[in-house]
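What follows is a single structure, written as structure tokens, with notes after it.
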Amino acid sequence: MELQLVDQLREKLEKAKLSREELRRVFPPTLFKKDSHSAPPYVPYSFQRQKLDALKRLNQPGIPVKPRIPKSQVKKYLQEFENAKAAGRFAHLPVDQLEKLEKEVKAAATDADKASELEEFLRAVREEELSEDEGNEGYERAPPQVPVFGAEKTFEQSQQQFFQTPYEEIIPPPPTFPEDPWQAFLDYMAAAEGQENLILGQEGQVIERGMHKGKGIAVLTSGGDSQGMNAAVRAVVRMSLYVGARVFFIKEGYQGMVDGGDNIVEASWSSVSGIIHKGGTVIGSARCKDFRDREGRMKAAKNLIKRGITNLVIIGGDGSLTGANLFKQDWPALLALLIKKGEITEEERKAYSFINIVGMVGSIDNDFCGTDMTIGTDSALHRIIEAVDAISSTAYSHQRCFILEVMGRHCGYLCLSASIACEADYMFIPEFPPDHNWEERLCEKLESERSMGQRLNIIIVAEGAIDREGEAITAEGVRKVIADNLGFDTRITVLGHVQRGGSPSAFDRLLGCRMGAEAVLALMEATQETEPCVISLDGNQAVRVPLMGCVLKTQAVAQAMKDRNWDQAVQMRGRSFARNLETYKMLTRLKPPKPVEGKGGFNLGVMHIGAPACGMNAALRSFVRNCIYRGDIVYGIHDGIDGLVEGNIQEMKWSEVSGWVGQGGAFLGTKRTLPDKYLDQVAARLREYKMHSLLIVGGFEAYHALLQLYEARGKYKEFCIPMVVIPSTISNNVPGSDFSLGCDTALNEITEICDRIRQSAQGTKRRVFVVETMGGYCGYLATLAGLAGGADAAYIYEEQFGIQELQLDVYHMAAKMAEGVQRGLVLRNENANENYSTEFIYRLYSEEGKGIFSCRKNVLGHMQQGGSPSVFDRNMGTKMAAKAVNWMTEQMLQHRQDDGSVVCDEANTAVLLGLQKRSYVFQPVSELKRKTDWDRRIPVNQWWLKLRPLLRILAKHDGAYEEEGINVKEVEEALD
């Protein structure tokens, strides 16, 4: 019955054709109330917000969890309301209505759904106050018309809002920086509590070619340049092309994005050929003031939309990444402004309603929280160490004191790491200012060292170094202190932008390649709700971490230093920074301390077994000084097992290991002899010198030797002592550790030699080089050197290959030559295949490439074992030895007998100290035995094999994946 009446009424109304005014006179006002439904009135803000609110009203599944409003923002809302209340903005309201309004404001301040509505309400209050102040001066002020928030609207207000045309979209104000970074960081972490902040990358997983066709990606470098940026740009371009996306260069950073035009150009596979070994950035970098204003960001947004770009890869420091985050936050407002000005269409706005951003940190200072190492830091450390090594010889000749000023305006990582790596006598960093009497302590230390026969002194000063009062400490100020008080011949060397220059190290090339590829995959998987992230390195795993959390923490460190909270600043830099600082302070003590009762008096032995490798001397120096620091005696065993059997043993002194850090090889001497044939003599020597613990630094033979000693414990009680192996071999084939001492130096040597080899063909016709690397059956060096050197192929034992794969690679090489590539690089591990030798591969490429390219062969040999240790190997050896001493001391104290001897036969007292991901782990050698391929002398599982797909992707052109075979004669005709 009721439905029939409704239908009849509708028909009569349609026939009557009454106007809105006539309808209001006929029907009661309640029928016209717009907001009678339960859903609150909605203020348009963005497409994303409309979509989420619609889903919530319909109770659809899959709705994201309501975000929490930070406490600082809640406090800001309530304070602004109280200020307006105190100013009399609500004086016209009755007391009960004012109390109701106050309750609703407090509830909305903590409700993310009502946050935008509350912001508009408070903004309207502010605008109303400003308009009255400007227009009512000298006149009697009328009762304020404050917008109604939350409370019921009057009939007149409802009718007016119902019948008027839709009002103009409200554009929110530009996002701003937090006033208190530390509180903002705490609020961010509280809001993110319980959520997964670290997402593992896609390295090693199957990535289908062309799986993201049609998407647009742009890459830019911003802020200060750093070595390794080109490797990242190259990886972004080639991985984007591999997944089927269009990729663009944005030249000159944010300025190029604002200016548009020729600054935004589409990239191809060949446009990034031959750049991986170059320093700086080939697409340019600049600091842009225009981008800080909304007008500049609006121009940038228009330029991106017109080219179909909705994905950005930004390589820069914390300032550049902060700007990127603001750009994403401001994107909906920028589109609204562009629509208002008529510069984009509504269709373009819907098609590009959101933008996804992924950052990579390119900064030599390593001042960004959230990643173990930033792109460029390792190369900058190489430049510093090269300078120190060069200066040391002249300083030694003239008994001079040299002061080096290094970069690091707000972060002392470069200064601290360089000081450990080159045995600096003193350093000054902003996070840890010296004591008030630092001038006296500095002069006392230098004078004492000279009296002990030291002929040179190295002091490193970070450019941002300060004292406890916040006053700057400059290199000239330090020089004046030394000259006035000691009269030493003191010189200053300011390295400046030398640290930014030069070819990137192997580590930075690998870091750029891995981060760049992961950035593309992160963008391809991103959705409208995805938070901007930073690609970071967590140990050996590429990970994605929230951009804003990292930025806020980085800014909080700067605030802590500004507030002179030095301990908090050091801790927020990370555990590695704090440990490095403690290690440096211990190793640079002038004299060893007196033995501590109950913690000293042990005899510890140290020796090398296996081939020499860079970093052995650094580990030995750290071990000796750590032991002496604790009051123990260290016996150095020369020439490994042979020296132990012959009694070639000496007590090591504090000063004997000075200057060892920067030296390659092994000063103690090393041999490959295993102890299985000399167990009686070895046990006799350990008994003779009353050894309480033993450290072995070496390669696979050292690990094997310790396993033999452990297995002989049942027959020889002398072997029932704590024993540790620190892996040290360029092959990186020791199980239980992702890295071995010496492998980073060898990788840098191979990469540098390959650069020189390819440079030798400059100006000649197309040429391919076949290079053989060391490593035994382990393909670590060949694979990572291939990735760092931009090799076209790398043949290893772990990845089997045959004649078909070799022939296909030859065809791919010919196709690249047709596209304009001038030089090719092929690496082969020395034991990759018994039949397909380096000579065979060289002849194959020579024969099949006739008329297209020529071929040359190089066997690197023992050049890979030489050279000065890299910064990574120096610092890794120093830290691993310090950890070994701590572990051995704990074990000796735990198993010390009443007669002073140490007896332990548990499996966990014969261990290998390895670096796994980002942690140092002590693993029993008895357990590692099952994880070893003894025939090939390699681990069963090797982490770096997951990089093999990336090596192939970055080395191939699109055509190389599409074509099964290429006619060499057709290529030759095309070249002619």
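The values are calculated or read from the model by the stated rules, or taken from the named source; none is laboratory data. This structure is a prediction, so every number in the text was calculated from the model and none was measured. For neighbour counting, all protein chains shown are included, and Cβ atoms are generated from backbone atoms with ideal geometry for every residue, glycine included.
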Selection from the stretch 387-398 of residues that are in contact with a strand residue (DSSP E or B) (Cβ under 9 Å, 6 or more places away or on another chain) and either within 15 Å of Gly464 (Cβ to Cβ) or surrounded by 13 or more Cβ atoms within 10 Å (Cβ to Cβ) (or both): Ala387, Val388, Ile391, Ser392, Ala395
List the number of the failed condition for Pro939; all other conditions in (1) under 27 Å from Val543 (Cα atoms); (2) of a type outside the set (Ser, Thr, Tyr); (3) in the same structural domain as Leu706 (by TED's automatic domain parsing) hold. (3)
Out of Ile305, Ile275, report the one residue that is within 30 Å of Asn366 (Cα to Cα) and not polar (S, T, N, Q). Ile275
Taking the stretch 607-656 and the residues there that are more than 21 Å from Ala683 (Cβ to Cβ) and among the hydroxyl-bearing types (Ser, Thr, Tyr), the one that is surrounded by the most Cβ atoms within 10 Å (Cβ to Cβ) would be Ser622
Looking at Gly786, Gly736 in this structure, which one is at pLDDT 90 or above and under 16 Å from Arg509 (Cβ atoms)? Gly786
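On the basis of being of a type in the set (Phe, Trp, Tyr), surrounded by 22 or more Cβ atoms within 10 Å (Cβ to Cβ) and outside the structural domain of Asp538 (by TED's automatic domain parsing), does Phe428 make the cut?
It is true that Phe428 is of a type in the set (Phe, Trp, Tyr), surrounded by 22 or more Cβ atoms within 10 Å (Cβ to Cβ) and outside the structural domain of Asp538 (by TED's automatic domain parsing).
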Which of the residues spanning the stretch 475-488 are part of a loop (DSSP other than H, G, I, E, B) and either buried (at least 16 other Cβ atoms within 10 Å of the Cβ) or outside the structural domain of Ala390 (by TED's automatic domain parsing) (or both)? Phe488
Is there a residue being out of contact with any Asp or Glu (no Cβ under 8 Å at 6 or more places or on another chain) and either β-branched (Val, Ile, Thr) or not in a strand (DSSP E or B) (or both) anywhere in the stretch 405-412? no
Given the conditions (1) more than 30 Å from Pro949 (Cα to Cα); (2) assigned to a helix (DSSP H, G or I), and given that Tyr242 satisfies all but one, which numbered condition is not satisfied? (1)
Looking at Arg491, Arg509, Arg579, which one is outside any helix (DSSP H, G or I) and touching a residue at least 24 places away in the same chain (Cβ under 8 Å)? Arg491
Does any residue of the stretch 378-386 turn out to be touching a residue at least 60 places away in the same chain (Cβ under 8 Å), out of contact with any helix residue (DSSP H, G or I) (no Cβ under 8 Å at 6 or more places or on another chain) and within 21 Å of Leu537 (Cβ to Cβ)? no
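Could you say which residue among Ile726, Ile753, Ile757 is touching a Leu at 6+ places or on another chain (Cβ under 7 Å), surrounded by fewer than 21 Cβ atoms within 10 Å (Cβ to Cβ) and either assigned by TED's automatic domain parsing to the domain that holds Glu799 or in a strand (DSSP E or B) (or both)?
Criteria check complete, one pass: Ile753.
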Candidates Ser379, Ser363, Ser419 - the one that is at pLDDT 90 or above and in contact with an Asp or Glu (Cβ under 8 Å, 6 or more places away or on another chain): Ser379
